[in-house]
């Protein structure tokens, strides 16, 4: 074939402008801001009532209160039980949800335009007349506590928990979830009070996107929200996050984990910071995508992991920078070396012209695609208004990205990324990690999966220690999708070696090649799983003679590590 | 008598129209043409946002898997992301994800589709790339083997590792006698193992040709410019002289009940399925069957949930679905039992619900709720360029006419209470069902 035009892809054209019209804005006498974005392409509307309060405004001793209030808004009102309310929404083919994040709380609804008045009525029903029924509160507590227990088996939660604590300290951003006791202690009265104090019009805005006639709908909104009484917006004072002075290493020990979840983090910036756009571009080059530097280096070149990324989480008061990867335990140290190489490189060297242009192409290209649905556009407007960004924020978004220079990229890399004072957080096998990672940090701490600090010196070499006595029958439990699955080990020990039997719902099997090194045990389990033999590696740590904690790692792609713990019978 | 029923009729009409006013959507005024090589082109220009979707729908699916190659159409879909004469492996990801877009593909019984969403200044590049993989696919042994391993892993995850994987397989396998729909899209490990690189080349030659494909472009473009790109990159691909093999088997109507018990390991709670043949997707009874499906199993206020899950507490979940296909498809009830309940109990309750909807008209508010749910879902699916293109592609493959995308909403809204009762009587009886009990295989004897 002599078709030359098939040899190389044609060039892209110049980017095409994107016009987002300015929405209509007004404010009711009670202070409720209303933003209406008429869009008559389809007969549907999206409503979002957003409040400038979130989990950080929960009292320190009652973390989780804001989320509890939001979750229970839809679980019972003066006129409907939770089931009846769900049925009312279903009847319309509509949706209605409420939730809280750390900074904000929202009630979201969407419906066919035909049912705009009905969905508005249901929205105000949960806003003005929630009853927070005792039985629903109890159910919420049960489910939340189950969730708290489950998340301790997830490596990424453990990494997030430590990262937040280290970066934000006693600032409320430093706590990612309430304790079991705090959830248990929530009372109906606390929810009612918090709802009354916080869900007030003068700290809220309502965003309407879709097929409405502005004037007509505004009149309806006036009627529905006009009587809503103002409240006091309390100014909250928060402790400042700690100032970092050195490189620290924090390990969460999961004995025998095949993977290390690595996070490198330092304080970032608040959402309204004027450096937001240069940082967006810089981070795109560094690690936001699958063609960014971290991914190209740590995954494509070195093959240590499926993915390596960086991100800035910029919130109302401050924020954080994170670079992350899940890598095989054996290459934990090698991965850190590459992370530091890339974090230093983006500070020390100017980025290339092409890299800069690629980053801009991505960021300006993805923006209109995100704004394509009513929901997507609502998300953008909500963020703009909640964080009080400039009025032309959406209209000038792409221009601001295109204006970022190579010099600015280097400047913000130096302002917001600090390899010499960075916090390294790794969830995985502490003994292995310590060997490989300790040279990267000035100080080291180790925690267990419950967040309890452990003695670092215990993790230095275990050579010379007598092997633990593990002979006998052990009853342990695996955390599996929020359920506890019982498993039995029958172990026969001979000095520092052992064999045994394995019994579980997954099947029964033989334990072979077991070794004991001090308190650490290692072995191989062969299980018959639906006619296939599956190998599971067993790793554990014997604590005070008769309790054990560890990980079962099925050697089958796609299956997760299964943490277990239990006791000798 | 006649007078009374007329009054009753008017009363019902009024009641229905009160709770359900008509929702109208502006028609998608797409342009349709055919290239000289037989390729169907459907384009719809919408310049409201500078993004565009490019989709190629091939009229081939797992029903066309070659003999002893069950799972091949799907495996082939994976191969289409590998190299071509002028493209590197995975270059589609770079051409889409790196500029803010995305891409994917899927295989079902009737169709294989490939799609991209990109900022509209990249449109020509993707037209080039899709034409490239239609005409210049190259495949080497290493790529083939690695992709086959990926698909086999997908099989292990979705069928073997999932305790209900074999349940859903059995619904399809046991429900068809003659039609190749009796084979599943994911296929079997043995058949995938015996597939070879020459199979790939042969499959590409047989089905991946312009006269077996539809190109759908929706979004921001200039019509003249787009047409010239299509002519340049696709128009010059030659149409082979061979004829395209088609499925000719016709699934016969069922004449007596069939009962099957399927055993699988590690089934936590037994499940039951009762299946019936559905009319082809283009049949005029489909909208009424879809409304019936929503009344029986749309959400927690539906009949099956209220009765089997909440009131009788026989099942953890219960549903009724209509799986429409180009030829006769399937309609089936399923229930996963509650702890301590037997499959017999669930079967009895499901059939009782069937009798109920056959013997008495549904209420006006049930009808309105069902329609609202379906209509709202369909309208939402039209919000994005790719959503519109998907609706057009499905209409081409399932109904044989892209314009079905503009009539579906009206057809759903026109369904009456009488229609629902009529279709539930027409397609369901005691002699045309397949009943499947899915239970734990406790060969270990606990």
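Whether a residue is surrounded by fewer than 20 Cβ atoms within 10 Å (Cβ to Cβ), within 14 Å of chain B (Cβ to nearest Cβ) and in contact (Cβ under 8 Å) with a residue 60 or more places away in the chain was assessed, and residue A:408 does not pass this test.
Against the conditions (1) in a helix (DSSP H, G or I); (2) away from chain B (no Cβ under 14 Å), residue A:86 satisfies every one except (2). Just wondering, is there one or more residues in segment B:174-182 that are more than 23 Å from the chain's Cα centre (by Cα), touching a residue at least 12 places away in the same chain (Cβ under 8 Å) and outside the structural domain of residue B:401 (by TED's automatic domain parsing)? So far as segment B:174-182 goes, no, none of its residues is more than 23 Å from the chain's Cα centre (by Cα), touching a residue at least 12 places away in the same chain (Cβ under 8 Å) and outside the structural domain of residue B:401 (by TED's automatic domain parsing). Scan segment B:357-379 for residues that are within 26 Å of residue B:317 (Cα to Cα) and within 13 Å of another protein chain (Cβ to nearest Cβ) and the total you get is 16.
Does residue A:429 satisfy the criteria of being under 24 Å from residue A:24 (Cβ atoms) and either buried (at least 22 other Cβ atoms within 10 Å of the Cβ) or without any contact (Cβ under 8 Å) to a residue 40 or more places away in the chain (or both)? So residue A:429 fails the test. A residue that is in contact (Cβ under 8 Å) with a residue 12 or more places away in the chain, more than 20 Å from the chain's Cα centre (by Cα) and either under 30 Å from residue B:345 (Cα atoms) or within 12 Å of another protein chain (Cβ to nearest Cβ) (or both) occurs somewhere in segment B:407-415.
Is it true that some residue in segment B:345-356 is within 14 Å of chain A (Cβ to nearest Cβ), in a helix (DSSP H, G or I) and more than 15 Å from the chain's Cα centre (by Cα)? Within segment B:345-356 (the criterion being within 14 Å of chain A (Cβ to nearest Cβ), in a helix (DSSP H, G or I) and more than 15 Å from the chain's Cα centre (by Cα)), the answer is no, since none of the residues qualifies. Applying the set (1) buried (at least 19 other Cβ atoms within 10 Å of the Cβ); (2) over 25 Å from the mean Cα position of the chain (by Cα); (3) without any contact (Cβ under 8 Å) to a residue 40 or more places away in the chain to residue A:457 leaves exactly one unmet item: (1).
How about segment B:227-243: which of its residues are in a loop (DSSP other than H, G, I, E, B), free of Cβ contacts under 8 Å to residues at least 12 places away in the same chain and within 14 Å of another protein chain (Cβ to nearest Cβ)? Answer for segment B:227-243, where residues must be in a loop (DSSP other than H, G, I, E, B), free of Cβ contacts under 8 Å to residues at least 12 places away in the same chain and within 14 Å of another protein chain (Cβ to nearest Cβ): just B:236.
Residue-wise test of (1) over 32 Å from the mean Cα position of the chain (by Cα); (2) closer than 18 Å to residue A:388 by Cα.
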position: A:15; (1), (2): yes, no
position: A:24; (1), (2): yes, yes
position: A:30; (1), (2): yes, no
position: A:39; (1), (2): yes, no
position: A:44; (1), (2): no, no
position: A:51; (1), (2): no, yes
position: A:62; (1), (2): no, no
position: A:65; (1), (2): no, no
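Filtering segment B:305-326 to residues that are assigned to a helix (DSSP H, G or I) and crowded, with 23+ Cβ neighbours inside 10 Å leaves only B:308.
When each of B:259, B:254 is tested for being in a strand (DSSP E or B), touching a strand residue (DSSP E or B) at 6+ places or on another chain (Cβ under 7 Å) and either away from every other protein chain (no Cβ under 14 Å) or modelled with pLDDT of 95 or more (or both), the lone residue that passes is B:259. Would you kindly identify the strands (runs of 3 or more DSSP E) lying entirely within segment A:246-337 that contain at least 2 residues that are surrounded by fewer than 18 Cβ atoms within 10 Å (Cβ to Cβ), within 14 Å of chain B (Cβ to nearest Cβ) and under 20 Å from the mean Cα position of the chain (by Cα)? Filter on segment A:246-337 gives A:305-314.
Residues checked against (1) touching a residue at least 12 places away in the same chain (Cβ under 8 Å); (2) under 30 Å from residue B:371 (Cβ atoms):
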position: A:10; (1), (2): no, no
position: A:44; (1), (2): yes, yes
position: A:65; (1), (2): yes, no
position: A:70; (1), (2): yes, no
position: A:74; (1), (2): yes, yes
position: A:83; (1), (2): no, yes
position: A:95; (1), (2): yes, yes
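The criterion of at least 2 residues that are away from chain A (no Cβ under 14 Å) is met by the following helices (runs of 4 or more DSSP H) wholly inside segment B:104-223: B:141-155, B:165-175, B:189-194, B:197-207. Please indicate, with yes or no, whether at least one residue in segment A:48-65 is closer than 30 Å to residue B:22 by Cα, modelled with pLDDT of 95 or more and buried (at least 17 other Cβ atoms within 10 Å of the Cβ). Yes, some residue in segment A:48-65 is closer than 30 Å to residue B:22 by Cα, modelled with pLDDT of 95 or more and buried (at least 17 other Cβ atoms within 10 Å of the Cβ). Taking the criterion of being out of contact with any helix residue (DSSP H, G or I) (no Cβ under 6 Å at 6 or more places or on another chain) and part of a helix (DSSP H, G or I), the residues of segment A:149-171 that qualify are A:149, A:150, A:155, A:156, A:158, A:159, A:160, A:161, A:162, A:163, A:166, A:167.
Could you tell me which of the residues B:300, B:366 is surrounded by fewer than 21 Cβ atoms within 10 Å (Cβ to Cβ) and more than 21 Å from the chain's Cα centre (by Cα)? B:300 is the lone residue from the list that is surrounded by fewer than 21 Cβ atoms within 10 Å (Cβ to Cβ) and more than 21 Å from the chain's Cα centre (by Cα). All of B:89, B:51, B:62 fail the test of being touching a residue at least 60 places away in the same chain (Cβ under 8 Å), over 25 Å from the mean Cα position of the chain (by Cα) and assigned by TED's automatic domain parsing to the domain that holds residue B:226, apart from B:51. The residue that is surrounded by the fewest Cβ atoms within 10 Å (Cβ to Cβ), among those in segment B:266-281 that are in a loop (DSSP other than H, G, I, E, B) and under 23 Å from the mean Cα position of the chain (by Cα), is B:280.
Selection over segment A:344-382 of residues that are free of Cβ contacts under 8 Å to residues at least 60 places away in the same chain, in a helix (DSSP H, G or I) and more than 13 Å from chain B (Cβ to nearest Cβ) gives a count of 4. Of the residues making up segment B:416-431, those that are in contact (Cβ under 8 Å) with a residue 60 or more places away in the chain and either in contact with a strand residue (DSSP E or B) (Cβ under 6 Å, 6 or more places away or on another chain) or in a helix (DSSP H, G or I) (or both) number 11.
Can you spot a residue in segment A:4-22 that is away from chain B (no Cβ under 13 Å), surrounded by 19 or more Cβ atoms within 10 Å (Cβ to Cβ) and not in a strand (DSSP E or B)? No, the conditions are met nowhere in segment A:4-22.
The values are calculated or read from the model by the stated rules, or taken from the named source; none is laboratory data. Everything numeric in this text was worked out from a predicted model, so none of it was measured. Glycine gets a Cβ as well: all are built from the backbone with ideal geometry, and neighbour counts include every protein chain shown.
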